[in-house]
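Okay, so here's the structure we're looking at.
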């Protein structure tokens, strides 16, 4: 039995997300803890690098989205893998905060070009009937990468952050390049059809799809749904990015554990992500995605509050699992909702424009948490504020009804 090529793209994209998650997204907190200890740089200054990555992604978002819609994902992803690896190699050589930021610009550019968003656009073009399931499957790589982040933490403690960063760059290029070559932009360009359906099914699917509109980017931004989804997504990222950047340092300095033990908390977050992704397989095609996302926002709030005021390992573990489950379930729905509401015609540009709004959470989460920690000596005030903002964000999804 021939396997639909779209699932090969899902597997390859998942492998790329595995690399990003393990080596950067969820491992960045381990680098922060090591650099604060070794170099004495402030938490706010280091968190600014994470915000720089988000700012760069937001500013490039519309242009990157236009390029994806115009030329496809595959070439952009391949170039991104190379830059991503080179960025880590440059990071291993830095001796100043300025050098750290310069290396991070290259690293962040590469990460944006082969990010979840770029791969998701390709998957959206290959899937329609099982789109939510395919996008949820993409998150398995991200979750699995988080489970292995403890290896990065052990490497930083045992071999040093420089060796770990250089080795990460080599691994990205050696493993990421073959995966990037598998990804293709549109099924029509390769003699395939959406969902791999038989011709009769395709005709019926096109007839059903014709009843809905394929929005242009200009039309999409004129709907309230575009802004509500983007704001809800951005408010979710207040919690997600703050945990990724500062949770290990909070567990180490605020709760008295080691960096490796803090990394185990991140591992539990990714166990929760696995649970959330599996739930997404079941719920994605059965329940209204915006309401599921709204419930996940409340789980983000509860999980972050439990992490902030954890009194022991049981509460700490529960906080990680709740937060991770919400992330794994909600994350894939963000692009699935946009594709359901606005169609495939300009989905790259629509997602790119959305990134200019969601960046408020990507930038705000790490900076707010870091600034409050520098002022008050702990993360309690900052984490509490971000948790409440995440809970408030559930209202945006409740109100984000499909555009007429």
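Laboratory data are not the source of any read-out in this text; all were calculated from the coordinates shown. These figures come from a predicted structure and were not determined experimentally. Cβ atoms come from the backbone with ideal geometry, glycine included; neighbour counts cover every protein chain shown.
At a threshold of 8 angstrom on Cα-Cα distance, excluding pairs fewer than six apart, so keeping six or more, what relative contact order does the chain reach in percent? Spell out each step's value before the answer.
Details: 757 pairs, mean separation 113.6, N = 404.
Contact order relative to length: 28 percent.
Of the peptides 361-368, 84-91, how do they stack up when ordered by the mean number of other Cβ atoms within 10 Å, highest first?
Details: 361-368: 25.4, 84-91: 23.4.
The peptides rank, most packed first, as 361-368, 84-91.
Sort 104, 372, 274, 397 so that the residue with the fewest other Cβ atoms within 10 Å of its own Cβ comes first and the one with the most comes last.
Values: 104 25, 372 22, 274 19, 397 28.
Arranged by neighbour count, lowest to highest, 104, 372, 274, 397 become 274, 372, 104, 397.
Hey, fewest Cβ within 10 Å first, where do 118, 216 land in order?
Working: 118 25, 216 15.
Starting with the residue having the fewest Cβ neighbours, the order is 216, 118.
To the nearest 10 degrees, how steep is helix 199-209 against the longest Cα principal axis of the chain, on a 0 to 90 scale?
70
Place a point 7 Å from the Cα of residue 374 along the Cα-to-Cβ direction; which residues of the stretch 231-271 have their backbone N under 14 Å from it?
Counting only backbone N, you get no residues.
With a ≥ b ≥ c the root eigenvalues of the C-alpha gyration tensor of the stretch 285-371, is it rounded (a/c under 1.5), prolate (a/b larger than b/c) or oblate?
Details: a/c = 3.69, a/b = 1.62, b/c = 2.27.
Judged from the Cα gyration tensor, the stretch 285-371 comes out oblate (a/c at least 1.5, b/c at or above a/b).
Tell me what the chain gives for mean residue ellipticity at 222 nm when only DSSP H runs of n ≥ 4 count, each as -39,500 (n - 2.57), the sum divided by the residue total, rounded to 500 deg cm²/dmol.
Numbers: 18 runs with 318 residues, N = 404.
It lands at -26500 deg cm²/dmol.
Assuming a ≥ b ≥ c are the square roots of the Cα gyration tensor eigenvalues, decide whether the stretch 353-398 counts as rounded (a/c under 1.5), prolate (otherwise, with a/b larger than b/c) or oblate. Write out the running numbers ahead of the final one.
Numbers: a/c = 5.59, a/b = 1.63, b/c = 3.44.
It comes out oblate by the Cα gyration axes.
Compute the helix-to-body angle for 43-71: its Cα long axis versus the longest principal axis of the chain, expressed 0 to 90° and rounded to tens.
Between helix and principal axis, roughly 10 degrees.
Taking only C-alpha pairs under 8 Å that are 6+ residues apart, what is the relative contact order of the stretch 283-404 in percent? Can you show the working numbers first?
On the way: 112 pairs, mean separation 49.2, N = 122.
Result for the stretch 283-404 is 40 percent.
Can you give the extra length, in nm with one decimal, that the chain gains between residue 295 and residue 258 once fully stretched, where that is 0.36 nm per residue apart less the Cα-Cα distance? Write out the running numbers ahead of the final one.
On the way: separation 37, 0.36 × 37 = 13.32 nm, distance 3.27 nm.
So the chain would gain 10.0 nm between residue 295 and residue 258.
Could you work out the relative contact order of the stretch 1-130? I mean the mean sequence separation of Cα pairs under 8 Å and 6+ apart, divided by the number of residues, in percent. Let's see the in-between values first.
Details: 98 pairs, mean separation 40.5, N = 130.
Reported relative contact order: 31 percent.
Compute the distance in nm between two label points, each set 7 Å from the Cα along the Cα-to-Cβ direction, one at residue 41 and one at residue 395.
Rounded to a tenth, the inter-label distance reads 3.8 nm.
Using Cβ counts within 10 Å as a stand-in for footprinting exposure, how do 245, 105 rank, fewest first?
Details: 245 27, 105 15.
Arranged by neighbour count, lowest to highest, 245, 105 become 105, 245.
Helix 289-308 against the longest principal axis of the chain: what's the angle in degrees, Cα atoms only, rounded to the nearest 10?
Rounded to the nearest ten degrees, it is 10.
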